[in-house]
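Visitor: Just dropping this structure here.
A short reminder: the numbers here are calculations on the coordinates, not readings from a lab. Model, not experiment: these values are computed from the prediction. Cβ coordinates were reconstructed from backbone atoms using ideal geometry, including for glycine residues, and neighbour counts include every protein chain displayed.
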Number of protein chains: 4
Amino acid sequence: MKAQQVEMYVCPMASPSDTSGLQQLADQGKLAPDTLVALVGKTEGTGSHDDWGRAWADVALREWTARFLSVPVMEVAKHVIFVLSGGCPGVITPHVAAVTRQWVDIEESAGRAPEDKRLVVGRAGSEPMGPEDVGRMGQIRKVADATRGAMRDAGLTDPRDVHLVMVKVPGLTTASIKDAESRNQSVVSHDLTFGPEGAGAYANDAAALGVGLALGEVAESALSDEVVRRDWNLYSEVAMTSSGGEKKHGEVVVFGNSSTSRSSLRIGHAVTKDFIDAQGVRNALKAAGLRFRDGLPDEADLGRLVHVFAKSVIPGSDIVRGHRITLLDDPDAYQIGKALGGMLVASVTGRTTNYVSGGERNSHQGPPGGNIVAAVVRVEG
Amino acid sequence: MKAQQVEMYVCPMASPSDTSGLQQLADQGKLAPDTLVALVGKTEGTGSHDDWGRAWADVALREWTARFLSVPVMEVAKHVIFVLSGGCPGVITPHVAAVTRQWVDIEESAGRAPEDKRLVVGRAGSEPMGPEDVGRMGQIRKVADATRGAMRDAGLTDPRDVHLVMVKVPGLTTASIKDAESRNQSVVSHDLTFGPEGAGAYANDAAALGVGLALGEVAESALSDEVVRRDWNLYSEVAMTSSGGEKKHGEVVVFGNSSTSRSSLRIGHAVTKDFIDAQGVRNALKAAGLRFRDGLPDEADLGRLVHVFAKSVIPGSDIVRGHRITLLDDPDAYQIGKALGGMLVASVTGRTTNYVSGGERNSHQGPPGGNIVAAVVRVEG
Amino acid sequence: MKAQQVEMYVCPMASPSDTSGLQQLADQGKLAPDTLVALVGKTEGTGSHDDWGRAWADVALREWTARFLSVPVMEVAKHVIFVLSGGCPGVITPHVAAVTRQWVDIEESAGRAPEDKRLVVGRAGSEPMGPEDVGRMGQIRKVADATRGAMRDAGLTDPRDVHLVMVKVPGLTTASIKDAESRNQSVVSHDLTFGPEGAGAYANDAAALGVGLALGEVAESALSDEVVRRDWNLYSEVAMTSSGGEKKHGEVVVFGNSSTSRSSLRIGHAVTKDFIDAQGVRNALKAAGLRFRDGLPDEADLGRLVHVFAKSVIPGSDIVRGHRITLLDDPDAYQIGKALGGMLVASVTGRTTNYVSGGERNSHQGPPGGNIVAAVVRVEG
Amino acid sequence: MKAQQVEMYVCPMASPSDTSGLQQLADQGKLAPDTLVALVGKTEGTGSHDDWGRAWADVALREWTARFLSVPVMEVAKHVIFVLSGGCPGVITPHVAAVTRQWVDIEESAGRAPEDKRLVVGRAGSEPMGPEDVGRMGQIRKVADATRGAMRDAGLTDPRDVHLVMVKVPGLTTASIKDAESRNQSVVSHDLTFGPEGAGAYANDAAALGVGLALGEVAESALSDEVVRRDWNLYSEVAMTSSGGEKKHGEVVVFGNSSTSRSSLRIGHAVTKDFIDAQGVRNALKAAGLRFRDGLPDEADLGRLVHVFAKSVIPGSDIVRGHRITLLDDPDAYQIGKALGGMLVASVTGRTTNYVSGGERNSHQGPPGGNIVAAVVRVEG
């Protein structure tokens, strides 16, 4: 039978258009046109709606990939999924992580012990989503279907083996709102931002609930248009979602562990209990199998830590462990909230090349007040 | 002989003018007009030059203190030192810490064991500083003298017993620059900000070098106008300094440990080795005598942690542990840099009521890239 | 019969708590406890939700007024209406305008010629508004009733004599939303900001439609919850509204011209046709009776200009006179939009002491893309 | 003899990488590889140090130009001068203006009447400038020489015929400062920003004084390192300068009017007397020959206005026409100051496609408190 062999390479970027790290991997034969499945990165820039750093990086990475795959830029998305999160405030190093997947032949019998499962990855696109679907049940169901598809592509059947689901879905635009209303369809919001009532936030959160639905974290009976961004007790512990107005359908990448995988990587995840919970970050590293000493990651073992993916959603309450913080009233909360997550993770991993996205207030990505952290670790042998 | 008994009370503030916490302490008899020696706080607001949150808090706290001491507002400063640091971005709870000092009679002989020294505090004002002194040897020498005076007031002779020196000095204003130049005196800068060449930064750093000179951390022979904000290898590990245009002379508060102290508090300090060094923060808690378990502060013992004072100066280099960060180019670096320090400390102390000031780039307060952290712990018995 | 004699005095403020200008007017006998009816000002500070400059100014002005009227601070609002707009970015001088009203005896017959009508002012409070009213018909109707009441208090019957209606209404807070939902009432938004879908914007716009309804600018048949912040063709040309979470009912101040007024002031208004329309500002000055020469305000006559009140609402479209602007995507749009209005007005009036509020995107205050400008001029004799 | 025929085309840009406007001009035969001499534009983005919108636009425009000229990107600068000013806050439409120059044969005698002089353009590069030159006499003298060279290239001899001089010079970088100090050379500042004591501001202002020196606006005897950013009475009325760390030598483009020019364009300039002086903007349009009616630009004639170039330097004083503004203390002053200039110009020209750069505080570009405005108008026949 065919088994996956997945690798992940983290390349710091010296500028939004710096593809030298990827080129180096290609020159070293670590990337091949037929093995590159995803590019996941943090780009420097404002992180806001008109983030030209992200826009430039997106163009530069797609152009590099088109050349690498020898396909037209327009067709790159058919072969490689791009997840670029804008904004590297504070101690987040701009970088792109390349994910590769090879298929190798193994005997039916050759399954690993449950405690030694290894990394697999799966991808799937969703049905087209109309503007009236955004932030509502339509989007939730279509993301759930795509998540199930990506699990199949990954060869995963048990939701407990899924540790990270990255999703990109359509948001709303002035144009798509006009379109919907011209067809007498309502839209979830006229606010195009990622603010509390922004379409971007609704799209991200519907996507998160879609993942939760597919993984059984959220019961279908509990879901309706009304609960999106209202009932915060409904959430996924592994969904990291983003949205863009230009997209027409959703994309899903699932990361999990499988006993048939031939990868030398393993993924694990945990959630923080609140905004300052470093232990939650440590738990994710532990879950992935990193060795600890004296309650802290073993310095000597940190070399095996390949990458960390974390959200930094701002809590909905201004009380953290009994005391008031002013972050919710801060006009720069979006930037600062993201930066704080970067520090929380960096202070544990001892490095700044972590994938940390967020800044939005409240989310169905992770429990109320807490955030999702996933870690990928290299396994001996 | 007379010995000190020092107490410290941390009061969260619900708004810049909230003095209810202090009033409650007064009603409980914990504060007395003749024992209150300092109010040290973090105020919510922009943290920038025209921070009305800080300005309002300053007025409200002085008015409250004037009523409490039954003296005119103008005379409050003769009795109580105010150190208010503006800006609580992220996870820094606005608060004010009240420091009280009583004198009790003890026998000459009754000294504590060296390992059981306890908290003492001392204060002193400096000679007047002219605008031409700001950021230069004049300011350095006058702060050094005042630091020695404050040590005497604290009853401290060994610099190794000094763990925190808070200093406020005059900065420059449009008016004071005019005055100096009308007398054909030059000034260190025409930039009134806390930017890399700002007068505020020069004043803070001259004050830090003054503390270093008094404590023997910096050799007088190594000092000159030219080294201020140039030779970063000259620094103090215990100086936290601030400057304001309106002031005419400097104020110094020294915190240290003494074998004759009758306080039930002890102070300790450490420095972080770089901007993401949580271990440096843990070391400060350890130095103050907090119990650790598995390399982390013992949850059960954290109740004894009274307060933490930390700087969060942005590094002068954009490389942290080998990787590039974009903070130095960020227009919001001042805010974000302060917020990141707040997270680094809160993620260790498990609380948000920490005193964290900073945001400026590079400083003689702490080693290059690192920052100062001091912790006050309650001692059993 | 009794006729009004209204005066308006503009006092620049050197800081948020500077009441010296008002005190000077009081010392000169220009203000009397029984004639002061309103204080309308622009306060320096961030202009955002937690604007401590505005908060401090509000406290300082109320305390001064309480002393001046010899009433408790809590009762000041019964005698004087406070309208403080936060944020003076760019070329807007922080200031407060004091409005006084005296009643003088005149003969029934002694009416002025229609073209010589003079300034009158009227005030009224509204019915209490619950959180479920905010941004909806409930708020619209209650503001309309209060506007009619204020017209009666001003002695105005013809809506064409009304040139400026300042309104303050309750917005939403976390607490009031909880309250409404506990009573199974929905609220218009969970976004507490002044963003496109923010409760603050909905409250301001419902208030504007309420004024439009009272003045016949908007037909009751055209109004419903659904049109608020949706149908921009419904608007008032004289409503300047603001909202605050803490308030429980609305307050309305009407400024108009009457033939029985004994004031030496006259008010006029106009609207700008788009965001860069200086002619619209000039038209307001002309409407108030300022003399023009060569299409521009006569320099010699500008001394008669007492004050200008203008909105600076950001257009809903990113096209201005056929070309794209980036303001709508600017994270600082709220600040910059306000600043731009300040410049548009100052470049016409030749002074910076103008009342300019705004920054929100789209509004029922003024036509789509345009803004409201009202001017008060001193009349000879 | 050879005479110049200069054209200028303004192309709005839909995004930082939008070169469609230039391509359209090329397709229409309005641009030819041998006539394109300069591209001057405003790019959308943060406008600050790490403005990726500007960086992306710079790359995109150079790549387009390289293809258009059929030369390697590295050699583009030999043929075309690029002046891109980052940041389009408020009502400044992102755009690029293409300047072309053809040489046509005319008779010696065929000079125009003095009042009918037409647009000419000239370019020159400067001697290399070392980091120790930046912001000092070295830079001033080298810019002066290059300005004289550009005047010769333009065929201009009388400084009164020069109405706009655009200059780009090297600033400082961490690397170039290291280099200078390793050679025991001092640098003017360690602050790399455009703040009051920033190297960027010093470079811009030395360049402005260089232009002033070449045009006789500033006497050589009045110049020294000490007067740069100190003596604001020394200034040029036609210099618009910018600086970038990466450059090694200066570039100068001179725009003026000549009696031998065969252009159908004319340029004129004026200065504003202060930050809100719309009349100064109108004077520039008048100086270029635009028809006025009733003291305002004749609407019907505004079609002849080709382009406006304006600076928006923030005044050094916080007093504008007798009243205090808070702009100097505003952390966003750089953005807001630029936006305000954009509004001042747009409110006069009735369009948003104006070139407005600035935001820095105080400058030798224009008189104290005032700014430079140049206008290009199409002439009938």
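Visitor: Using Cα springs under 10 Å in a Gaussian network model of chain B, which residue among B:161, B:330, B:133 shows the largest mean-square fluctuation?
Guide: Of the options given, B:330 has the highest mean-square fluctuation.
Visitor: Could you work out how far apart the two model spin labels at residue A:75 and residue C:233 are, taking each label as a point 7 Å from the Cα in the direction of the beta carbon, and quote it in nm?
Guide: 4.9
Visitor: Per residue of chain B, what 222 nm ellipticity follows from adding -39500 (n - 2.57) for every DSSP H run with n ≥ 4, rounded to the nearest 500?
Guide: Values: 8 runs with 100 residues, N = 381.
So the helix-based figure for chain B works out to -8000 deg cm²/dmol.
Visitor: Quick one: label points 7 angstrom along Cα→Cβ at residue C:1, distances to the other copies in nm, smallest first?
Guide: List, nearest first: 8.1, 9.0, 9.6 nm.
Visitor: On the principal axes of its Cα set, how long, how wide and how thick is segment B:1-118? Give whole Å, largest value first.
Guide: Each principal axis gives a Cα extent; for segment B:1-118 these are 52, 34, 26 Å.
Visitor: If you don't mind, another one. Cross-link list B:42/B:338; A:142/A:248; A:338/B:42; C:42/C:338: which exceed 19 angstrom alpha carbon to alpha carbon?
Guide: Details: B:42/B:338 12 Å; A:142/A:248 12 Å; A:338/B:42 22 Å; C:42/C:338 12 Å.
Exceeds cut-off: A:338/B:42.
Visitor: I would also like to ask the following. Counting only other chains, what is the mean number of Cβ atoms within 10 angstrom of the Cβ of each residue in peptide B:51-62?
Guide: Values: counts 5, 14, 9, 1, 6, 9, 2, 0, 3, 2, 0, 0.
Per residue, the average neighbour count from other chains is 4.
Visitor: In Å, the Kirkwood hydrodynamic radius of segment C:131-212 over pairs of distinct alpha carbons? Please report the intermediate quantities before stating the final value.
Guide: Details: mean 1/r = 0.0746 Å⁻¹.
It works out to 13.4 Å.
Visitor: Also, I was wondering about something else. Using a label point 7 angstrom from Cα along Cα-to-C-beta, what distances in nm, from shortest up, separate residue D:110 from the other copies?
Guide: In ascending order, 7.9, 8.6, 10.9 nm.
Visitor: Could you work out, residue by residue across A:193-200, how many beta carbons of other chains sit within 10 Å of that residue's beta carbon, and then give the average as an integer? All intermediate terms of the calculation are to be shown ahead of the outcome.
Guide: Values: counts 7, 0, 7, 9, 11, 4, 2, 0.
If you average over the peptide's residues, the count of other-chain Cβ atoms is 5.
Visitor: A further question on this structure: Show log10 I(q)/I(0) for chain B at q = 0.11, 0.13 Å⁻¹, two decimals, from a solvent-free Debye sum over equal Cα scatterers.
Guide: For chain B at q = 0.11, 0.13 Å⁻¹, log10 I(q)/I(0) is -0.73, -1.05.
Visitor: How much length is gained on full extension from residue A:110 to residue A:1, taking 0.36 nm per residue of separation minus their Cα-Cα distance? Walk me through the intermediate numbers first.
Guide: Numbers: separation 109, 0.36 × 109 = 39.24 nm, distance 0.97 nm.
Residue separation times 0.36 nm, minus the Cα-Cα distance, leaves 38.3 nm.
Visitor: Output, in nm with one decimal and in ascending order, the distances from the residue B:279 label point to the matching label points of the other copies (7 Å from Cα along Cα-to-Cβ).
Guide: Ordered by distance, the counterparts are at 2.2, 6.9, 7.1 nm.
Visitor: Calculate the FRET efficiency for residue B:185 and residue B:219 from the Cβ-Cβ distance with a Förster distance of 25 Å, rounded to the nearest 0.05. All intermediate terms of the calculation are to be shown ahead of the outcome.
Guide: On the way: r = 27 Å, r/R0 = 1.09.
The computed FRET efficiency comes out at 0.35.
Visitor: Taking the Kirkwood radius as the inverse of the mean 1/r across Cα pairs, report the Rg/Rh of segment D:96-235. Don't skip to the end; give the middle numbers.
Guide: On the way: Rg = 17.7 Å, Rh = 16.6 Å.
In segment D:96-235, Rg relative to Rh is 1.06.
Visitor: While we're looking at this one, here's another question. Residue D:163's amide H: which non-local residues (gap 5+, or another chain) put their own amide H closer than 5 Å, with H modeled 1.01 Å from N in plane and none for Pro or chain starts?
Guide: Distant-sequence amide H within range of residue D:163: D:255, D:256, D:257.
Visitor: Can you give me the Kirkwood hydrodynamic radius for segment A:155-310, using every pair of distinct Cα atoms, in Å to one decimal?
Guide: Numbers: mean 1/r = 0.0564 Å⁻¹.
By the Kirkwood definition, the hydrodynamic radius is 17.7 Å.
Visitor: Here is a further query. Distance between Cα centroids, segment B:77-150 to segment C:85-153: provide it in whole Å.
Guide: Going from one Cα centre to the other spans 54 Å.
Visitor: Given the rotation that superposes chain D on chain B, what residue of D brings its beta carbon nearest the axis, and what is the distance in Å?
Guide: D:197, 2
Visitor: Right, here's the next one. In angstroms, what radius of gyration and Dmax does segment A:285-381 have, counting Cα atoms only?
Guide: Just the Cα atoms of segment A:285-381 yield Rg and Dmax of 14.9, 50 Å.
Visitor: Out of every Cα pair in segment C:203-281, what percent are spaced more than 19 Å from each other? Walk me through the numbers on the way to the answer.
Guide: Working: 1599 of 3081 pairs.
Distances greater than 19 Å cover 52 percent of the Cα pairs.
Visitor: Rounded to the nearest 5, what % of the DSSP beta bridges within segment A:28-146 are antiparallel ones? Could you put the intermediate results ahead of the total?
Guide: On the way: 6 of 12 bridges.
Within segment A:28-146, antiparallel bridges account for around 50 percent of the total.
Visitor: In addition: Say a site is exposed when it is one of the GluC sites (Glu not before Pro), sits in a DSSP loop, and has at most 14 other Cβ atoms within 10 Å; what is then the longest site-free stretch of chain C?
Guide: Numbers: sites that count: C:107, C:108, C:246, C:380.
Result, exposed sites excluded: C:109-245.
Visitor: Hey, which lysines would be in cross-link range of residue B:2, C-alpha to C-alpha under 25 Å, not counting anything within fewer than 8 residues on its own chain?
Guide: Straight-distance partners of residue B:2: B:30, B:78, B:117.
Visitor: Under a Cβ-only charge scheme (Lys and Arg +1, Asp and Glu -1), can you give me the dipole magnitude of segment A:269-381 about the Cα centre, in debye to the nearest 20?
Guide: Details: 13 positive and 12 negative charges, 56 e Å.
Charge dipole of segment A:269-381: 260 debye, to the nearest 20.
Visitor: Let me ask something additional. Report the residue, chosen from B:323, B:249, B:49, that carries the largest GNM mean-square fluctuation when chain B is represented by alpha-carbon nodes joined by springs under 10 Å.
Guide: Taking springs between Cα atoms under 10 Å, the residue moving most is B:323.
Visitor: Taking one equal scatterer on every alpha-carbon of segment D:90-147, how large is log10 of I(q)/I(0) by Debye at q = 0.21 1/Å?
Guide: -0.91
Visitor: Ignore the peptide's own chain and count Cβ atoms of other chains within 10 Å of each Cβ in D:90-101; give me the average, rounded. It would help to have the intermediate numbers written out before the result.
Guide: On the way: counts 15, 15, 4, 9, 4, 2, 0, 0, 0, 0, 0, 0.
Counting other chains' Cβ atoms within 10 Å and averaging over D:90-101 gives 4.
Visitor: Let me ask something additional. Please list log₁₀ I(q)/I(0) at q = 0.29 Å⁻¹ for segment B:235-302, using the Debye equation with identical point scatterers on the alpha-carbon positions.
Guide: -1.27
Visitor: Quick one: among C:208, C:38, C:175, which has the greatest mean-square fluctuation in a GNM of chain C with alpha-carbon springs under 10 angstrom?
Guide: Comparing C:208, C:38, C:175 in the GNM, the peak value goes to C:175.
Visitor: With unit charges on the beta carbons (Lys and Arg positive, Asp and Glu negative) and the dipole taken about the Cα centre of chain C, which residue among C:79, C:376, C:170 sits farthest to the positive side?
Guide: C:376
Visitor: Two-decimal Rg/Rh of the protein assembly as shown from alpha-carbon positions, Kirkwood Rh? Walk me through the intermediate numbers first.
Guide: Working: Rg = 33.3 Å, Rh = 34.5 Å.
Computed over Cα atoms, the ratio is 0.97.
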